[in-house]
1. State to the nearest 20 debye the size of the charge dipole of the chain about its Cα centre, where the only charges are +1 on K and R beta carbons and -1 on D and E beta carbons.
2. What's the longest piece of the chain with no exposed trypsin sites (Lys or Arg not before Pro), counting a site as exposed if DSSP puts it in a loop and it has at most 15 other beta carbons within 10 Å?
3. Filter the GluC sites (Glu not before Pro) in the stretch 140-243 down to the DSSP loop ones having no more than 11 other Cβ atoms within 10 Å, then list what survives.
4. Return the percentage of antiparallel bridges among DSSP beta bridges fully within the chain, rounded to the nearest 5 %.
5. Which of S56, S120, S321 moves the most in a Gaussian network model of the chain with Cα springs under 10 Å?
6. Using label points projected 7 Å from each Cα along Cα→Cβ, tell me how many nm separate R171 and R312, to one decimal.
7. Which percent of the accessible area of the chain is formed by carbon and sulfur heavy atoms (probe 1.4 angstrom)?
8. Taking a spot 7 Å from the Cα of L276 along the direction of its beta carbon, which residues of the stretch 105-125 have an amide N less than 20 Å from it?
Amino acid sequence: MSARTYHDPLHGAIRLSRREPAEALAIDLIDTPVFQRLRRIRQLGPAYLTFHGAESSRFTHSLGVLHLARQALGNLGRSHPELSEHRGVLYAAALLHDVGHGPLSHSGEEMYGLHHESWSSRLIREHPSLREPLEAFAVGTADQVADLLEHGRFRNPAIKALVSSQLDCDRLDYLLRDSYNTGASYGVLDLERILASLTLAPDGQLALQPKGLMAVEHYLVVRNLMYRSVYNHRLNVVCNWLLNRTIALARELGPDQVWADAVMQRWLWEPKSLDLEAFLGNDDVRTGYHLQRWLEEGPAPLQQLCGRVLNRELLRASDLSQLPQERRLALLARAQTLSEAAGLRPDLCCGLHQQSNHGYHPYKGGLRLWDGHQLGAIEQRSPLIRSLIQPTQTAWLIHPPEITPAIREALALEVAAGDP
């Protein structure tokens, strides 16, 4: 077939043609087993336990990123046709940026202790089904794509920014897609205006025309709201904590007490020796199957953790963000004592999750406005964006439902004691 169409719920028909060499490359990459594996990895990990529509895959997201990268390059190419020589690298990087994700996406990175950028790079460099079509397109393409994804290195800074920056095609797609799939109403972006406002500054770096300022302000506010309402939702924090504790406990108990097939044995007890085949062998299906087996026939503590995840018998989370660190730790100790008194193992039901989030970071590829005469940091023109620079701190105390009244009472006393 000379053409391929993917019908996307967000972007409509994504059409690729073999008559265009970079699109032909994309088709070849999509058809590889490495990329098809992304159909079996949820975009939002265990967030479906909180938002029941969050079932979309990394496969779908990656096609969306390719679509946006193509649109962005098309807009920029009208005034900067020299960018077209990088089309193959851009399309491949947009498409393959997530091939190194483990089961349950970012949750899996925490569970198993891996970095998807490193694995994406390794697969592109070493797996024949990816490296061969990339090298057939142009010698050196595989290493260029791998370097761009792992280290953020590429000779053209504008192409690099479309792949990895504070306004890249990855972020634009996942904010739209995650908002759509979770039912959140925040993520309605003026995508057309954002892409149309992209331009090149005199130094060759990506910049924004002033006409896109309000659309980008909206985008950054949406990103902030999505982190607060979806990505760091209290139940999502609980689910991730339970999954991390499950894998940690399976590793602690060891192969003498915990059943695992050959692939999972490598992931659990020989993670530093994972080869390409073993890495690609694990996905949401295999990890989910092991959780089910452990629920049915694992040691009792492991059964308990798996049951909480699979049957959605979740722990509770209380917001301690307003308390100083020493009081947070005191409440964690209180929760552990109460849990033990209730006949529960504190290490299986009590934890403290703390996190710092930046709505906008001007020192990491900060955005700039270029009006044809002046070039300046976007936060200099926008009080709204300046307000997003200050990081926000969150802290959740994870505890069993049985002790919730006592914890909430203790928390209320702590808050009252801290008021002037």
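1. In total the dipole reaches around 680 debye.
2. It runs 156-311.
3. The qualifying sites: there are none.
4. Values: 24 of 25 bridges.
Rounded to the nearest five, the antiparallel share is 95 percent.
5. S321
6. Label at R171, label at R312, 3.2 nm between them.
7. 51
8. 115-125
The values are calculated or read from the model by the stated rules, or taken from the named source; none is laboratory data. Source: prediction; values computed, not measured. Cβ: placed from backbone, ideal geometry, glycine included. Neighbour counts: every protein chain shown. Remember, those area values only see protein heavy atoms, side chains included, never the ligands or the DNA or RNA. Shrake-Rupley method; radii C 1.70, N 1.55, O 1.52, S 1.80 Å.
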